[in-house]
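Where a number appears in this text, it was derived from the coordinates with a stated rule and is not lab data. Note that the coordinates shown come from a computational prediction; the quantities given were computed from them, not determined experimentally. Cβ placement follows ideal geometry from the backbone for every residue including glycine, while neighbour counts extend to all protein chains displayed.
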Amino acid sequence: MTDHATPSAKQTAETDALDARHSWHPFTQMREYLANPRVHIVRGEGCSLVDSEGREYLDGTASLWTNVHGHNHPELNAAIIDQLGRVAHTTLLGFNHPPAAALAEKLAGLTGGALPRSFYTDNGSCAVEVALKLSLQYRQLAGEAQRTGIIAMENAYHGDTFGTMSVGDNGVFHGRFKPWFFACDRFPAPDYCEFDGRVVRDRSADSLAALERLLTQKGASTSCLILEPGIQGAAGMLLQPPGFVKAVAQLCRRHGVHLILDEVFTGFGRTGDLLVCHREGVTPDILVLAKGLTAGYLPLAATLCTEAIYEKFLGAQDEWRALYHGHTFTGNPLACAVALKSLELLRPLVESGELRRKAALFGKLVAEHFENHPCVSEIRQRGFVAAIALKPARPGETWAVNDRTGYRVSLAARKHGLLIRPLGDTVLLVPPPAMSDDELRRLCAGTLAAMNEVLS
């Protein structure tokens, strides 16, 4: 790793004190956070991060599922620096700049021009909000005002704004706000599990049958169906079998329902392909992209749609057809510039099969390390995603929520040079696709060692 000065002990103590005094971290019980040793990241290079005390860790979460090419990548850095010498930010509200236009063209190419229009926002939640508004306003403008319904899948997570919470289905995260949600119909998620390319369980036919019944009953009054294709990330990396997304798409087409694919998590190499819709051979009506779009460098999201949807919003000013939605940093030039460079770097890795090769190795390593562990109840793995569900070794024994077993494993992993994050008592491994073969081995070996220390 490049040599940079590590903060002094005094500087680290000051950072710690300021953090404890003023910070409020997301998805974090602050009492627990402040009661444990804290990690203050000061630099990164490749797939490693270094804290304020000079300790180096593998980034086993890809910095919350965003990092693609590693940290401090010279070409990504150069793209930002070059753009920074031109302009750091300018609004897209009635203006334009070259990186935004160039990126929109590249994103249109992801679907072969089938989704030629990009609406930029800052993050996945906002991009999903735009997707829902596009579908619902389209119905009003197309004389289909009766189509007000929305369908989502059980266990869904699409973000934390009120619209995205309404189509989500996570009681722990969102349950206390339920009185303010709008109505949403749901169909069951497929009961499916695979790892290392092996199917453990597949009851997906029940899910599709339930969706078909729902669409037969309510399709005529439904505007759109929103789906995390392939993997439901925040639900615990719940998987869908190959062909499932295509079957959902066919049902939506049959009933004239817009299909929104939320690829915020699954896009840009996460599954070994550029997008899940490529792997499935599906073109949705609306596609939502974020996280890996900028390789984890800057906040940027895009909502892509068909020309038919876009054209319905055109008209005279007094028709009030425009989409009245926007964000201050929509289409930020620095973010667009780094997204362009990331796509340029990612395409050869996908087209050469290198990402799929490395993802297959990751699956084998996960199986080798965790398959026969007495405290593992299930493994779910696809691409650069693995969920290792933990259980007590003794039959009939259970863990209380406050036992925090998964969290204690993540704390122990730090001693083995890893930063990982659990979801309850499920340990999640979500490495950057750039992680080397040896680093993937270290990630699995270190996680196993941490598990054994905690669970022994």
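Below, the figures for the structure above:
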read-out: Calculated FRET value between residue 437 and residue 218, using beta carbons and R₀ = 56 Å, to 0.05; value: 0.70
read-out: Whether segment 1-130 is rounded, prolate or oblate, judged on the alpha carbon gyration tensor where a/c under 1.5 counts as rounded; value: prolate
read-out: Alpha carbon centroid spacing (whole Å) that separates segment 397-413 from segment 196-240; value: 30 Å
read-out: Euclidean distance between Cα centres, segment 275-313 to segment 37-55, Å; value: 32 Å
read-out: Gyration tensor (Cα) of segment 77-350, equivalent ellipsoid semi-axes in angstrom; value: 29, 24, 17
read-out: Over the chain: helical MRE at 222 nm, DSSP H runs n ≥ 4 each giving -39500 (n - 2.57), nearest 500; value: -11500 deg cm²/dmol
read-out: Candidates per trypsin sites (Lys or Arg not before Pro) in segment 352-456, loop by DSSP, up to 12 other Cβ within 10 Å; value: 415
read-out: Tensor-based shape of segment 161-299 (alpha-carbon gyration tensor, a/c under 1.5 rounded, otherwise prolate or oblate); value: rounded
read-out: Amide H partners (placed H, <5 Å) of residue 223, local residues excluded; value: 148, 149, 150
read-out: Dipole of segment 311-374 [Lys/Arg +1, Asp/Glu -1 at C-beta], most positive-end residue of 359, 336, 325; value: 359
read-out: Cross-link table 178/341; 178/291; 218/312; 178/415; 341/415, entries beyond 29 Å C-alpha to C-alpha; value: 178/341; 178/415; 341/415
read-out: Residue-count net charge about residue 281 - beta-carbon cut-off 13 Å; Lys, Arg +1, Asp, Glu -1; value: 0
read-out: Amide H contacts of residue 376 (H built 1.01 Å from N, under 5 Å, at least 5 apart or other chain); value: 391
read-out: Amide H partners (placed H, <5 Å) of residue 423, local residues excluded; value: 428
read-out: Highest average packing first - 84-93, 151-160, 122-131, 51-60, Cβ atoms within 10 Å; value: 122-131, 151-160, 51-60, 84-93
read-out: Separation between Cα centres of segment 325-359 and segment 416-439, rounded to whole Å; value: 21 Å
read-out: Contact order normalised by residue count of the chain, Cα under 8 Å, 6+ apart, percent; value: 20 percent
read-out: Packing-based ranking, highest mean first, of 338-349, 108-119 given that Cβ atoms within 10 Å are counted; value: 338-349, 108-119
